[in-house]
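Q: I'd like to ask some things about the structure below.
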């Protein structure tokens, strides 16, 4: 913690510091994702524009609420919620968002990938809260994980016709993967759309 404030929450100072250090990266990812969802909401173009315009806004609202929960948890523990644009840019570990695209599918794909990465990080943070013994923070993170995974599913459903099955995407992404050549042989129509 850079600076601490008195906090009546009956948790040891060491535990408070560990939790604050655990939550702030999640806060940065959440704010980053919120901004990505708003960017997609404003800038998408394509056949599914209207339904995705609305869905991107719903996802952004969920992320805004989650960021607020995380910032308030940090503050309740006497920490400083690191939610400025500068801190978010410095701390986020999400893939950079491509600003030049207007394609609805490109926006959905980028957000789905970053939501999935965020969900994976939330799972690790949940495990860590269990080790630390902070059930209150664990409850917050579990609630967020459920919503992030639901939002991932809702968005990914819009890509069903344009993406190869997830197993093939994982094979391509694996170290030593074949760069999608096997997937292209199995699903030439999906490869042609890339």
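Q: Let me know the shape class of the stretch 28-98, please: from the alpha-carbon gyration tensor, a ≥ b ≥ c as square roots of the eigenvalues, rounded when a/c is under 1.5, otherwise prolate if a/b is greater than b/c, or oblate.
A: Details: a/c = 4.06, a/b = 1.92, b/c = 2.11.
Oblate.
Q: So, one more: Calculate, in nm to one decimal, what residue 130 and residue 21 gain on full extension: separation in residues at 0.36 nm each, minus their alpha carbon distance. Display every interim value, and only then the final one.
A: Values: separation 109, 0.36 × 109 = 39.24 nm, distance 1.49 nm.
Extra length available between residue 130 and residue 21 comes to 37.8 nm.
Q: Compute from the Cα atoms of the stretch 89-141 the Rg and the Dmax, the latter being the longest Cα-Cα distance, and quote both in angstrom.
A: 14.8, 45
Q: Once you have the Cα-Cα distance between residue 43 and residue 101, take 0.36 nm times their residue separation minus that, and quote the gain in nm to one decimal. Please list the in-between numbers first.
A: Values: separation 58, 0.36 × 58 = 20.88 nm, distance 0.84 nm.
Computed gain between residue 43 and residue 101 is 20.0 nm.
Q: Starting from a Cα-only point model with no solvent, please compute log10 I(q)/I(0) by Debye for the stretch 13-163 at q = 0.17, 0.18 1/Å.
A: With no solvent term, the Cα-only Debye profile gives -0.90, -0.99.
Here, each number is a calculation from the coordinates, and none is a lab measurement. Note that this is a predicted model, so its numbers are computed, not measured.
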